[in-house]
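Reading through the C-alpha cells given below for one structure.
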Number of protein chains: 2
Amino acid sequence: MADSEALSSLAGDPVAVEALLQAVFGIVVDEAIQKGTSASQKVCEWKEPEELKQLLDLELRGQGESQEQILERCRAVIRYSVKTGHPRFFNQLFSGLDPHALAGRIITESLNTSQYTYEIAPVFVLMEEEVLRKLRALVGWSSGDGIFCPGGSISNMYAVNLARYQRYPDCKQRGLRTLPPLALFTSKECHYSIQKGAAFLGLGTDSVRVVKADERGRMVPEDLERQISLAEAEGAVPFLVSATSGTTVLGAFDPLEAIADVCQRHGLWLHVDAAWGGSVLLSQTHRHLLDGIQRADSVAWNPHKLLAAGLQCSALLLQDTSNLLKRCHGSQASYLFQQDKFYDVELDTGDKVVQCGRRVDCLKLWLMWKAQGSQGLERRIDQAFALAGYLVEEMKTREGFELVMEPEFVNVCFWFVPPSLRGKQDSPDYHKRLSKVAPVLKERMVKAGSMMIGYQPHGTRGNFFRVVVANPALTCADIDFLLNELERLGQDL
Amino acid sequence: MADSEALSSLAGDPVAVEALLQAVFGIVVDEAIQKGTSASQKVCEWKEPEELKQLLDLELRGQGESQEQILERCRAVIRYSVKTGHPRFFNQLFSGLDPHALAGRIITESLNTSQYTYEIAPVFVLMEEEVLRKLRALVGWSSGDGIFCPGGSISNMYAVNLARYQRYPDCKQRGLRTLPPLALFTSKECHYSIQKGAAFLGLGTDSVRVVKADERGRMVPEDLERQISLAEAEGAVPFLVSATSGTTVLGAFDPLEAIADVCQRHGLWLHVDAAWGGSVLLSQTHRHLLDGIQRADSVAWNPHKLLAAGLQCSALLLQDTSNLLKRCHGSQASYLFQQDKFYDVELDTGDKVVQCGRRVDCLKLWLMWKAQGSQGLERRIDQAFALAGYLVEEMKTREGFELVMEPEFVNVCFWFVPPSLRGKQDSPDYHKRLSKVAPVLKERMVKAGSMMIGYQPHGTRGNFFRVVVANPALTCADIDFLLNELERLGQDL
C-alpha cells in the first residue's frame, strides 16, 4: 500500500462531489418537488413492468457510468415513480410533501448516523427524548418511556412483547414453551400487523381472539368481555387488548374508556394502535375521539401518516417508568454499550430496541413541528376533517356516489355507481356488478395518471373506494376534481 | 368549509418551498458534506447533554418559527452532530459519505413512498428485485428470494423465523407451545442480535447454544457437532446454525464449508450473518474468506456498512424458491393486496415482511453501483484491506502499539500502551491499568474532536481499541494521523 490516493476519486474531490449533488438536487426540486406536487402534472406515469424494466436499465454491471448517465438515471427514477406528494394522491394513509419535514430528512441522510449511543448521535438522542415527551404529553402522560420504531407494525409487536414480558419476565430467557397459552384481543377491524406480530413473536395467530365490531367498525366492549370469558374457559390466559384509534379502512375509533374499564377489571395490558388516528390528539376539536387513551399502557402513533412527516416516523409510547423497554429488549452488548464511558450511559438508548443500528426518525418531525408550531399542526388536522366533510357533502349533491357510511374521520368510503347501475339496487346482480366498478376505474385513473384512490372489499361489502383526505396542501378544488374525474372515468359504465 | 386555501401556506407556495429547500441544501452542502468530510475540521464537537439541550432549544411550542430561525436550527443540528462521513471517524462498522448513495437517499426522501405494492412503488419494486438478484449472484445463487430489512438484526430474526416455519409450518397459527424445545447454534463471537431475536421470537435466549470460537474468533466446527449432540441429548430439536462472516469486534470469518458440512449432516438451516463481511464477496482477491457461503439457506448482508450505502441498507437473501418468505410472513390484507388488481399481483412484495409500510432501501445502493460499477466497488474493498494492512505494518514500527492479533479483515484491534506502562508487562496490575487507557484516550479524542475510535473489553481481554478501516475516502495520511494522534493524546499516561 504505497498509494495514498483516496479509495474513491470522487469522494476525494470536494468540487466534483458538490457539483454532482447540486445537479441531483436541481433535478429533485424540479421533478419531484415542483412537478411532483403540481396539480397540472400527472400523479403517476403508468408503465407495464416489462417496459419499465427496459426504460430503467436496471442491470448492475462491472463498469461505472458517467455523471451524465447517472443524472439521466435520476430523472428516470423520479419520472416513473408515483408522486405521493401530489394533491391527487389519495391512495394510502399518507400523502403530501411537507417541506420542513423533507428538509429534516435530507439533513438526516447527510449526517447518516445510527441512533443507539449518545457518542455518535448526541443531538438525536436528546431530540428523540423531547419529541417522545411531547407526544406522551398529548396522550395525557407526564412521564413514561418510548422509542421510534421502523413502522407501526413493529410498534404493535413491541407492545405485545412488552406485555407478555411484564407478566412473565422468564419468557425472555426460557421462551414460551413454559408458559400457559396466552390470549390477546383485538377487533376484526384491527390492522393486520396484530396477526403478523402474533405469528412472529411465536404466540401463533390462534392466540389472537377477534372481537366483534359494530356497524361503524368500532370494537364492541361487551363482546370483548365475552371473548375474555371464553378464552379463560378454554384455559388460555388473557394478557393484552389492542384497541384501534383510526382503523385502516373505515377510520373508526374504538371506545377507549369502555375498553379500559374491561382491561382494568381483568388486569390486562391496554395497547392502543393509534398509528393512523393518533395525530388527532393535536386537535382540541376532534381529540375527544380518543377519549380514554391516557388509560393505555402503550400507544403506537405514526406521524408519517396524517402529519406527513415522511416514511418512517413511528413512535411507540409507554406509560411505564420502570425501564421495561430496556429490561425486555436489552442485552448489554459490551462493544457498544460500554459501562466505563465518560458520560452518563443512560443516554445510550439503543438497548431499548431489538434492532442494533437504528435510523434517526425524530428530526423530520421535530423540524416540521418547530416550523408549524402545535397550532399549525392543529390547523392541518382540523382542515383535513373539514375537507373530508366537504367531500361528503358534495357527494350527497351528486348522482352516483353512495357513501358506505357517514365518516367520523378523514377516510371517506363510498361506491361510485355508474350510470348503467343507477336505480338498479334491486337487481339480483347489482352488488356483484357494483363490485367490479372500482377495479376498472382504478385502472383507468392510474393509466391516465390523473389521480390515485384505493379500493377494497370489506366484510360482506363488495369493492368500494376509500379516499384518504390527508395531504396538507389539499384544497376544495382538488376535491371537486376528484368527483368530476370519477364521473368522467365512469360515464360509460 | 368555504375556505379553499391550502392546509399549509408554505405547501401551497412553490416559490417559498423551493427557497426553503435550496437554503437548507446549501447548509447541508457546506456544513455536513464539505466541512463534515474535511480532515481539517472536527469529527465531532462534544457538549455535555445539559449544555447541548440548551444550545438546541429542543422544546416544541404552540407557535411556529420564522424561516431564519429554522435555518439556524438546521445549522445547529449539523454542527453538534457527529460527522460519520469524516475520514477520522473509525468508530463503527460504517464510515464515509458516498455522494451517489447520498443522491439516491435524497431522491428516496423526496419521493417518500412505501415499498409494498407495484402500484405506488413501481420503480422500486423492480429495482429491489434486480439489486437482490445481483447480491444473490455474488453469493453464488442463480435463483432465490430476498428482501431489504430495517437492519441486520431484523434480517437475522427473519432467518430464524423462516427456519422454524419451514420445519414447523403449524407454528405460524398455533405458536411455539405445541412444538418441542428448539435449539439454534452460533458462536460466542456472534452479533448480539441472535440473542435478542431468540427472545423476541418467543424461543427464549436459552434456545441459543453457544459454540466455542478459536483464538482468532472463528467458530470451531467440532464444538458445533458437540453442542448439537448435547442439545439432542437434552431433548431439544436443533433447527438452525447461524455462522458469522465478519464478526463485530475481531472481524473473524467462520469456516463456512466445515459448518455447512455439519448442517448438511444434521439437516439444519444454515444462516450466514454476513452483515459486516458480505461486501467482501465483491473482491476477487478476498472473497475466499466466505468460501462455502453458497451452501447457506439464508444470508444477511448490510451494504450500509463496508459499501457506505447509507443507513439502512440490509438485505436478507434466500436460496429458497418456494415462496417461503411470503408463506411465512404473509397475511393477505385485502385492503392493500387486492387480488383483482389490473396488474400481476405477484409484484406486490409487501406481504413478504412483517412490516406494513417499508422504506425504500434499494435506490441508494443501485445508484452508487451504477456509478462505480462492480469494479469500482471491488477496488474499494481491496483498498480497505490494503489500508488496514498499512495500519498494521505502521503499528509494528512504533513503540506503544500492541496488536490483539494479526487481523484477517479491516477490524484492527490493538492496545495503545502508554509510556508509563511500556516494558511493564510482568507487573501484576499491568492488565488492569492497560484496560483503563482506552476510555481515557476516547474521552480525550472526543473532547478534542480529532477522531473517534471504538473500544471494548472482549472475553478475558481488557479494553482495547478497534479501528474500522471502512471509509472509502481514507488515505495513508489519515492512518498516519490516527497513530500520531494516539501518541499525542497518550504521551502523559
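Read the figures in this text as sums done on the coordinates, not as results from a lab. Treat the numbers as computed from the prediction; the structure is a model and nothing was measured. A quick note on method: Cβ atoms are made from the backbone with ideal geometry, for glycine too, and the neighbour counts reach across all protein chains shown.
May I ask for the distance between the Cα centers of the range B:15-59 and the range B:89-155, given as a whole number of Å? So the two Cα centres are separated by 27 Å. Counting only Cβ charges, +1 for Lys and Arg and -1 for Asp and Glu, the dipole size of the range B:371-490 around its Cα centre is about 520 debye.
Please label the shape of the range B:118-165 as rounded, prolate or oblate, based on the square roots a ≥ b ≥ c of the eigenvalues of the alpha-carbon gyration tensor (a/c under 1.5 means rounded; beyond that, a/b larger than b/c means prolate, else oblate). Present the calculation step by step, with values, prior to reporting the outcome.
Details: a/c = 2.09, a/b = 1.30, b/c = 1.61.
Oblate shape, in that a/c is at least 1.5 and b/c is the bigger or equal ratio.
Under the definition of partner shielding as Cβ atoms of other protein chains within 10 Å of a residue Cβ, what is the mean value for peptide B:14-22?
Details: counts 7, 1, 1, 11, 5, 1, 5, 9, 3.
What the average comes to for B:14-22 is 5.
DSSP finds beta bridges in the range B:114-359, and of those with both partners inside it, around 40 percent are antiparallel.
Determine the shape class of the range B:114-359: with a ≥ b ≥ c the square roots of the Cα gyration tensor eigenvalues, call it rounded for a/c under 1.5, and otherwise prolate if a/b is greater than b/c, oblate otherwise. Note, shape of the range B:114-359 comes out oblate. A crude spin-label estimate for the pair A:R61 and A:T178, with each label 7 Å from Cα along the Cβ direction, gives 6.0 nm.
So for the protein assembly as shown: antiparallel DSSP bridges make up what percent, rounded to the nearest 5? Please list the in-between numbers first.
Details: 44 of 82 bridges.
Percent antiparallel among DSSP bridges in the protein assembly as shown is about 55.
Charge tally around A:A213: other residues with Cβ under 9 Å, Lys/Arg +1 each, Asp/Glu -1 each, net -1.
Suppose every K and R has +1 on its Cβ and every D and E has -1 on its Cβ; what is the size of the dipole of the range B:1-140 about the Cα centre, in Debye to the nearest 20? All intermediate terms of the calculation are to be shown ahead of the outcome.
Details: 14 positive and 21 negative charges, 180 e Å.
Dipole magnitude for the range B:1-140 comes out near 860 debye.
Using a Förster radius of 41 Å, what is the FRET efficiency between A:E68 and A:E443 based on their Cβ-Cβ separation? Nearest 0.05, please.
Values: r = 36 Å, r/R0 = 0.88.
Rounded to the nearest 0.05, the efficiency is 0.70.
Each of A:E45 and A:E215 was given a label point 7 Å from its Cα along the Cα-to-Cβ line. The distance between the two points is 4.8 nm. Extension gain for B:A19 to B:E393 (0.36 nm times residue separation, less C-alpha to C-alpha distance): 129.5 nm. Expressed as a whole number of Å, what is the distance separating the alpha-carbon centroids of the range A:353-399 and the range A:436-479? If we compute the Cα centre of each part, the gap is 19 Å.
Anisotropy class assigned to the protein assembly as shown is prolate, per the alpha carbon gyration tensor with a/c at or over the 1.5 cut-off and a/b larger than b/c.
For a 32 Å ceiling on Cα separation, which of these pairs sit above it: A:K53/A:K436; A:K305/A:K442; A:K305/B:K188; A:K436/B:K364?
Details: A:K53/A:K436 30 Å; A:K305/A:K442 22 Å; A:K305/B:K188 42 Å; A:K436/B:K364 39 Å.
Beyond 32 Å: A:K305/B:K188; A:K436/B:K364.
Calculate for chain B the 222 nm mean residue ellipticity that helices alone would give, adding -39,500 (n - 2.57) per DSSP H run of length 4 or more and normalising by residue count, nearest 500 deg cm²/dmol.
Here the helix-only value at 222 nm equals -12000 deg cm²/dmol.
Give the separation of the Cα centroids, the range A:242-319 to the range B:178-217, in Å. Cα centroid of the range A:242-319 versus Cα centroid of the range B:178-217: 36 Å apart.
For B:S142, neighbours were defined as the other residues whose beta-carbon sits under 14 Å from its Cβ, and their charges (Lys and Arg +1, Asp and Glu -1) total +1.
Hey, got the dipole for the protein assembly as shown? About the Cα centre, +1 on K and R Cβ, -1 on D and E Cβ, debye to the nearest 20?
On the way: 106 positive and 122 negative charges, 257 e Å.
The dipole of the protein assembly as shown has a size of about 1240 debye.
Backbone geometry of the range A:71-86 corresponds, through the Karplus equation with coefficients 6.51, -1.76 and 1.60 at θ = phi - 60°, to 3J(HN,Hα) couplings of 5, 5, 5, 4, 4, 5, 4, 5, 4, 8, 8, 6, 8, 6, x, 6 Hz, x marking Gly and Pro.
Considering only A:N411, A:A23, A:L52, and ranking their Cα positions along the charge dipole of chain A that arises from unit charges at the beta-carbon of Lys, Arg, Asp and Glu, the one farthest toward the positive end is A:N411.
I want the local charge near A:C171. Using Cβ-Cβ distances under 12 Å, sum +1 for each Lys or Arg and -1 for each Asp or Glu among the other residues. List each step's numbers first, then the result.
Working: positive: A:R164, A:R167, A:K172, A:R174, A:R177, B:R177; negative: A:D170, B:D206.
Charge balance in the 12 Å sphere: +4.
Given B:G400, B:V123, B:A371, which one lies farthest toward the positive end of the charge dipole of chain B, if we put +1 on the Cβ of every Lys and Arg and -1 on the Cβ of every Asp and Glu? The Cα lying farthest towards the positive end belongs to B:G400.
Rounded to the nearest whole Hz, the Karplus-based 3J(HN,Hα) values (6.51 cos²θ - 1.76 cosθ + 1.60, θ = phi - 60°) of the range B:337-343 follow the sequence 10, 4, 8, 9, 5, 8, 10, with x at glycine and proline. Using θ = phi - 60° in the Karplus curve 6.51 cos²θ - 1.76 cosθ + 1.60, the 3J(HN,Hα) couplings for the range A:128-135 round to 4, 4, 5, 5, 5, 4, 5, 5 Hz; x is entered for Gly and Pro. Once Lys and Arg get +1 and Asp and Glu get -1 on their Cβ, which of A:F239, A:N484, B:G144 lies farthest toward the positive end of the dipole of the protein assembly as shown? Going by the Cα projections, it comes out as A:F239.
Averaged over the residues of peptide B:202-210, the number of Cβ atoms from other protein chains lying within 10 Å of each residue's Cβ is 5.
Given R₀ = 56 Å, FRET efficiency for B:R488-A:R265 by Cβ-Cβ distance, to 0.05? Walk me through the numbers on the way to the answer.
Details: r = 67 Å, r/R0 = 1.19.
Plugging the Cβ-Cβ distance into 1/(1 + (r/R0)^6) gives 0.25.
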